[in-house]
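First comes the structure, then the notes that go with it.
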Amino acid sequence: MAAKREPTEQTVPEEAAKAVSLYQFEGADVSQEGDDHARLRGYFPLSPGTPNASNVAGEDLMIVCMEIDPGNYLPTHTDSNEELLVVTAGVVEAWVGDETVELATGDCAVVPEMVPHGMKSVGDEPARVIGFFPNDELTATFEKPVQPFGTNVVTIGGEAGEQ
């Protein structure tokens, strides 16, 4: 029988793990003027300094959650960091550079840093997608301004989120 190991400072986390419901926060309706289908609802639950975010955040990561109604899409943009897209509900058609792929619930795709990409909800139900980033700050550059930000360059998290 193994001896019982007593906790030490090295094995006890500073804070206990916290559960975060990814879609419980007030989301932001994101759209482009003049295009009724360039719209989605974005959630930033683990984005440091972002309004309506949880108090749980990683030092070196960020996630963005999206809900996209059927027929609507996330407009083409580039991100300052590599991104892992994971579909948690529905079906999307994702384009990354010159490639297009259909992703269903449980599928994922990697988007390299600064490669143009976007996605469209092509199923019968709203798509839910989580974007994972290996940094606590992200700058996304869209071809046209997006609302409610009023610009085509959107920075979230990190120093920008603390202003």
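For the stretch 111-117, putting each phi into the Karplus relation 6.51 cos²θ - 1.76 cosθ + 1.60 with θ = phi - 60° gives couplings of 10, x, 3, 6, 9, x, 7 Hz, in residue order, rounded to whole numbers and with x for Gly and Pro. Amide H contacts for ASN72 (H built 1.01 Å from N in the peptide plane; partners 5 or more residues away or on another chain; cut-off under 5 Å): SER121. Most tightly packed first, judged by the mean number of other beta-carbon atoms within 10 Å of their residues, the peptides 70-76, 122-128 read 70-76, 122-128. For the stretch 123-128, putting each phi into the Karplus relation 6.51 cos²θ - 1.76 cosθ + 1.60 with θ = phi - 60° gives couplings of x, 8, 10, x, 8, 10 Hz, in residue order, rounded to whole numbers and with x for Gly and Pro.
Values in this text are rule-based calculations from the coordinates and carry no lab data. What you see is a predicted model; the values in this text were computed from it and never measured. When we count neighbours, we look across all protein chains shown, and the Cβ atoms used for this are built from the backbone with ideal geometry, even at glycine.
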